[in-house]
Amino acid sequence: MNPAEIRKLAAYSTVGLMFPVSIGVGWVMGYFLDRWLETSPYLTFLFVLYGVAAGFWNLYKVTKKNHHEDTK
């Protein structure tokens, strides 16, 4: 494997961690905001959706960057 392929593999492997981390952060934020504002479960649900969206956004950015490098 050349160094460029190793960099791509490392970038894609971080996406596998980004999904659960972003969803977990969204859940924690929503949970504590719900407890503070007494709005359960609405903010938890909303922030989990934000976490999922953030995970997909990171996947898009990594894929776009690596595809751009492949076309050079």
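What follows is calculated from the coordinates using simple rules that are stated; it is not laboratory data. Because the structure is a prediction, the values reported are computed rather than measured. Every residue, glycine among them, receives a Cβ derived from its backbone with ideal geometry; neighbour counts consider all protein chains shown.
Placing pseudo-labels 7 Å out from each Cα toward the beta carbon at Val15 and Lys64 gives an inter-label distance of 1.3 nm. Its alpha carbons give the chain an Rg and a Dmax of 16.4, 54 Å.
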